[in-house]
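Just so it is clear, none of the values below were taken in a lab; they were calculated from the coordinates. What you see is a predicted model, and the numbers here were worked out from it, not measured in a lab. When we count neighbours, we look across all protein chains shown, and the Cβ atoms used for this are built from the backbone with ideal geometry, even at glycine.
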């Protein structure tokens, strides 16, 4: 059973490097956790910038990359979160963990304080 | 060619004002038309943090103060010289007050580019660690590019006139701004600093104790030693993340700020319940 579930929402410009499914698979096997990945892309090129109107949209609908991580073991879960934070940095907004369960969110937030999300 | 000096000192004919006027004389010698505003002569209300300006362009809840006038003056010139004294490690409060009001300019960050210079008189050496952060921030938020900065060690009112070297530096700075406008060359001409973008010497050590960051630009790198000297090494790709790049600013507004409206609305009822006890606690009469 997955006691810990977290959704890490990275918005355009947030990850320090491209999020690649191949790398996520590597983390999945290294830490023995479950990882799924979803990319939502609604930006259009305008005046040389990729643009999108986000003001009246639901948070889940704006362009973003969502890494969903789940595990029944706290140490594997935490270890993988730290690895993700080191690679991509921490998600950056107060709502970037929306959709996580309480146990998962608590760990993810605590690790943010320790690994660069302040 | 119009050059505007913004004076962040309350003192009339104090060191900041004298240095600014000296710089304007330098600019005039290059043919500039000049003007000076003492910021403390104007009403600059604190930002109320209401967020209106973030969600609706050019709308501010604060009415009847002079911030729009000051910003219109900046809009109407071709170069700016910002002067402010350092009393306690950073610039004066009026500068910060103006920085906070720059939210309303958020919609045009990165769109205007004009040169600017900075003059900072201070009294005690070593008491100026944060001055460049503030001046860089204010200039950047107003769409200006710093081309040089001088800090001048001086203390009592008007004593700076005794320091001919400082007066000459200020005069040259004014000339430099005018020449930059004429040549359309806004490259940085001052001391290099640790950060190649904002040229500050400040560095923030992250909690991993491996990574360092320019606190103003938000660009991360490594601290290195070259011939025994401390330096910061940035990967080329790190610059894609510099805080005040137009695309980074756009993403910040579009993805960190604008969607917060949805979060704010969907948590309305929960917040209403949870904040009730704080509305009642230590409530003042008439509130």
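Once the Cα-Cα distance is subtracted from the 0.36 nm per residue extended length, the residue B:100 to residue B:192 segment shows a gain of 30.4 nm.
Each of B:280, A:113 was scored by other Cβ atoms within 10 Å of its Cβ. Arranged with the fewest first, they read B:280, A:113. Comparing Cα centroids, the stretch A:71-86 and the stretch B:208-287 end up 23 angstrom apart.
Among B:38, A:53, A:43, sorting on how many other beta-carbon atoms sit within 10 Å of each Cβ, with the fewest leading, yields A:53, A:43, B:38. With Cα atoms defining each centre, the stretch A:33-61 and the stretch A:1-30 are spaced 16 Å apart in the structure. How much FRET efficiency would the formula 1/(1 + (r/R0)^6) give for residue B:247 and residue A:75, where r is the Cβ-Cβ distance and R0 is 41 Å, rounded to 0.05? Computed FRET efficiency for residue B:247 and residue A:75: 0.60. Using 1/(1 + (r/R0)^6) with R0 = 22 angstrom and r between the beta carbons of residue B:185 and residue B:41, what's the FRET efficiency to the nearest 0.05? So the FRET efficiency works out to roughly 0.10. Relative to the longest principal axis of the Cα atoms of chain B, the long axis of helix B:164-183 makes an angle of roughly 70 degrees.
Inter-part distance, the stretch B:85-151 to the stretch B:1-74, computed on C-alpha centroids, equals 12 Å.
The ranking of B:239, B:103 from fewest to most other beta carbons within 10 Å of each one's beta carbon is B:239, B:103.
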